[in-house]
Amino acid sequence: MPRIALYPGSFDPLTNGHLDLINRTVHIFNQVIVAVASNLQKAPLFSAQERVEMIKEVTQNLPTVTVTTFDGLLVDFARTHKVDAIVRGLRVVSDFEYELQMASINRQLGPEIETVFMVPNAKYAYLSSSIVKEVASLGGEIKAFVPPLVKERLEKKFGIPTVT
C-alpha cells in the first residue's frame, strides 16, 4: 500500500532547506504532496500559482512529487488526499514549540494522520524564506540559499540585475 506524505508550507519562496526536506522525504514515502498555502495571513511576495510553478519546475526530476495549493484546514486536505503523514521541518528550538502545538491540534482533528518532524541539513538550519527575501531585497547574494530558478525569480521581482 502506498504511503503518502504531505509537506505543507508557504514556500514564499522555496529555499534549499525546503528542497532538502523534499528530497529526503521522497526516500521515505511513495508519494509526496507539496501543498502551497494559498490563503496566507501576510501578503506573500509570490502568488500561490507562482510558488507552485517554481516548485514544480525545481522538483521535475522527482516523479513521486506533486505540487498543489490548499486553503482551509490542513487535516481536511490531508484526508481528501489520503495522506498518511504530515512532514514538518524543525530548524531551531523556537520552531519546535509552534510545530508541537500544530501537531497536537492536527492529532485531535485527525488522529489517523501522523506528523513526522525532520531536521534539515545543518547548512540550512538558519535558513528561512523571510531571511532570503530580505537579503535578496537588499541586493545580497542568495545563490547558496535557493535553487537557481528561484534566485532568478527573486532578482526579477526586486529589479536586481541577474549575476551569474
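Across the stretch 87-120, the number of residues qualifying as exposed (fewer than 14 other Cβ atoms within 10 Å of the Cβ) and either touching a Cys at 6+ places or on another chain (Cβ under 7 Å) or among the polar types (S, T, N, Q) (or both) comes to 4. Only one of the numbered conditions (1) among the aliphatic types (A, V, I, L, M); (2) out of contact with any helix residue (DSSP H, G or I) (no Cβ under 6 Å at 6 or more places or on another chain); (3) surrounded by fewer than 18 Cβ atoms within 10 Å (Cβ to Cβ) is violated by residue 65, and that is (3). Of the residues making up the stretch 1-44, those that are surrounded by fewer than 18 Cβ atoms within 10 Å (Cβ to Cβ), assigned to a loop (DSSP other than H, G, I, E, B), at pLDDT 95 or above and not β-branched (Val, Ile, Thr) are 3, 27, 30. Taking first residues from the stretch 18-41 that are aromatic (Phe, Trp, Tyr) and partners that are not in a strand (DSSP E or B), the Cβ contacts under 7 Å between residues at least 6 apart in sequence or on separate chains come to 29/3.
Yes/no per residue for (1) part of a loop (DSSP other than H, G, I, E, B); (2) farther than 20 Å from residue 46 by Cβ:
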position: 99; (1), (2): no, yes
position: 102; (1), (2): no, yes
position: 105; (1), (2): no, yes
position: 127; (1), (2): yes, no
position: 135; (1), (2): no, no
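Could you say whether any residue in the stretch 47-57 is touching a residue at least 40 places away in the same chain (Cβ under 8 Å), surrounded by fewer than 21 Cβ atoms within 10 Å (Cβ to Cβ) and assigned to a helix (DSSP H, G or I)? The answer is yes; a qualifying residue exists.
Go over the candidates 141, 152, 134 one by one and state the one that is among the acidic types (Asp, Glu), closer than 29 Å to residue 96 by Cβ and more than 16 Å from the chain's Cα centre (by Cα).
On inspection, the qualifying residue turns out to be 134.
Of the set (1) at pLDDT below 95; (2) loosely packed, with under 15 Cβ neighbours inside 10 Å; (3) part of a helix (DSSP H, G or I), all apply to residue 76 but (1). The set of residues in the stretch 107-122 that are in contact (Cβ under 8 Å) with a residue 24 or more places away in the chain and either within 22 Å of residue 54 (Cα to Cα) or part of a helix (DSSP H, G or I) (or both) comprises 109, 120, 121.
Picking from residues in the stretch 111-145 that are of a type outside the set (Ser, Thr, Tyr), under 21 Å from residue 90 (Cα atoms) and in contact with a helix residue (DSSP H, G or I) (Cβ under 6 Å, 6 or more places away or on another chain), the one that is modelled with the lowest pLDDT is 120.
The values are calculated or read from the model by the stated rules, or taken from the named source; none is laboratory data. Predicted model, so just to flag it, every value in this text is computed and none were measured. No Cβ is skipped: glycine too gets one built from the backbone with ideal geometry, and neighbour counts run over all protein chains shown.
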